[in-house]
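Read through the structure below, which is laid out as structure tokens, and then see the notes.
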Amino acid sequence: MKKVLILGGTTEARQLAGKLAADFLVTLSLAGRTESPVAQGVPVRRGGFGGADGLAAYLEETRTDLLIDATHPYAARISANAAQAARLSGVRILALRRPGWEPVEGDRWTLVDMVGDAVQALGPTPRRAFLALGRQEVPAFEAAPQHHYLIRSVDPVEPKLAVPDATYLLARGPFREADERALLESKRIDVVVSKNSGGEATYGKIAAARALRIEVVMVRRPVLPDVPSAKTVDELAAMIDHGLDPVAERGV
Ligand SMILES: NC(=O)c1ccc[n+]([C@@H]2O[C@H](COP(=O)([O-])OP(=O)(O)OC[C@H]3O[C@@H](n4cnc5c(N)ncnc54)[C@H](OP(=O)(O)O)[C@@H]3O)[C@@H](O)[C@H]2O)c1
């Protein structure tokens, strides 16, 4: 059987792994940041490879036939490493690139390039901000201690932010619009800070903000390397079927 390495950390990566597991020897790679990731259903390896060179060496050592970058759209470093490692090793690469959300009628988005710019975009007047960004990003908001922050993350934010007024919420998506709306209302949130993650699982807060006419400070997506890609799990699986024939390998 052909060997496939999926760089994951997303729901789609897990779904794709499940879909390919019948026909390929699939290994799913996680960065190892989440303390108790959900069960992935296929063999998992954890931790970095040591840059593009390390990933290229791993692909060669394990005789991997296909590399799939199914990481989060904001995980720009691993995506760049994956493209470079594919070039170095000559291993074929495909990427799963979930489309971003587009603003619709009623949205009040302020677009910024980086999380640091989002901090500035909150302005000098104290506000009640919902940070739905991931725990890696929130320390930047210590630069604006005048705001109240509601911080949601999968794992606890440690150490806590050095700001006088922050509330922490532990939760793992998906999040429904009705629940997000109830949260924004009960916490009297007046601005949401978000990445443009795309997909359904975390769109609830964006729809809820629209319904409540709340501003969303949206951090733009980073630029990712240009590699052959698909928008959905099914589309990617179809690309593999056409390019890496598991049936021929089994001699059927
Ligand atoms: N950034 C987000 O908003 C976000 C949201 C949800 C999930 N995630 C997931 O969380 C992980 C880390 O995200 P990040 O933004 O910190 O990544 P990143 O900045 O692009 O990557 C930093 C380093 O972490 C290691 N790494 C990242 N993903 C890996 C993977 N799937 N398998 C093995 N090593 C990996 C690599 O280390 P080496 O250079 O040593 O190989 C990489 O250079 C990603 O897998 C991503 O899919 C990220």
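The values are calculated or read from the model by the stated rules, or taken from the named source; none is laboratory data. From a predicted model like this one, the values you see are computed outputs, not experimental measurements. Please note: Cβ atoms are built from the backbone with ideal geometry, for glycine as well, and neighbour counts cover all protein chains shown. SASA here: full protein model, heavy atoms, side chains in, ligands and nucleic acids out. Shrake-Rupley method; radii C 1.70, N 1.55, O 1.52, S 1.80 Å.
Results, tabulated for the structure shown:
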{"read-out": "Verdict on ARG152 being within 16 Å of the ligand (Cβ to nearest atom) and at pLDDT below 95", "value": "no"}
{"read-out": "Selection count where residues are assigned to a strand (DSSP E or B), open to solvent by less than 30 Å² (accessible area, probe 1.4 Å) and out of contact with any Lys or Arg (no Cβ under 7 Å at 6 or more places or on another chain), scope region 157-215", "value": "2"}
{"read-out": "Verdict on ARG63 being at negative phi, out of contact with any Ser or Thr (no Cβ under 8 Å at 6 or more places or on another chain) and of a type in the set (Lys, Arg)", "value": "no"}
{"read-out": "Among (1) under 19 Å from ARG221 (Cα atoms); (2) open to solvent by 20 Å² or more (accessible area, probe 1.4 Å); (3) more than 8 Å from the ligand (Cβ to nearest atom); (4) in contact with a Leu (Cβ under 7 Å, 6 or more places away or on another chain) - the single one THR11 does not satisfy", "value": "(4)"}
{"read-out": "Any chance ARG45 is surrounded by fewer than 19 Cβ atoms within 10 Å (Cβ to Cβ), closer than 22 Å to ARG77 by Cβ, modelled with pLDDT of 95 or more and under 20 Å from the mean Cα position of the chain (by Cα)", "value": "yes"}
{"read-out": "Where a residue in region 62-75 is farther than 30 Å from ARG135 by Cα and its partner, wherever it lies, is away from the ligand (no atom under 13 Å from the Cβ), with Cβ under 6 Å and at least six apart", "value": "THR64/LYS3; THR64/VAL91; ASP65/LYS2; ASP65/LYS3; LEU66/VAL4; LEU66/ARG92; LEU66/LEU244"}
{"read-out": "All positions within region 38-88 that are under 20 Å from VAL223 (Cα atoms), in a loop (DSSP other than H, G, I, E, B) and more than 7 Å from the ligand (Cβ to nearest atom)", "value": "ALA70, PRO73"}
{"read-out": "Search result, residues across region 1-37 that are in a strand (DSSP E or B) and of a type outside the set (A, V, I, L, M, F, W, C)", "value": "LYS3, THR27, SER29"}
{"read-out": "All positions within region 127-143 that are more than 15 Å from the ligand (Cβ to nearest atom) and farther than 12 Å from LEU169 by Cβ", "value": "ARG127, ARG128, ALA129, PHE141, GLU142, ALA143"}
{"read-out": "Pairs with Cβ under 8 Å, 6+ apart, first in region 214-238 and at positive phi, second assigned to a loop (DSSP other than H, G, I, E, B) and not polar (S, T, N, Q)", "value": "none"}
{"read-out": "Residue list for region 199-252, restricted to those being at pLDDT 95 or above and acidic (Asp, Glu)", "value": "GLU215, ASP226, ASP234, GLU235"}
{"read-out": "Residue that is most open to solvent (accessible area, probe 1.4 Å) [pool: residues in region 17-37 that are within 14 Å of the ligand (Cβ to nearest atom) and under 17 Å from THR64 (Cα atoms)]", "value": "THR27"}
{"read-out": "Count - residues of region 138-168 that are without any contact (Cβ under 8 Å) to a residue 24 or more places away in the chain and under 19 Å from the mean Cα position of the chain (by Cα)", "value": "7"}
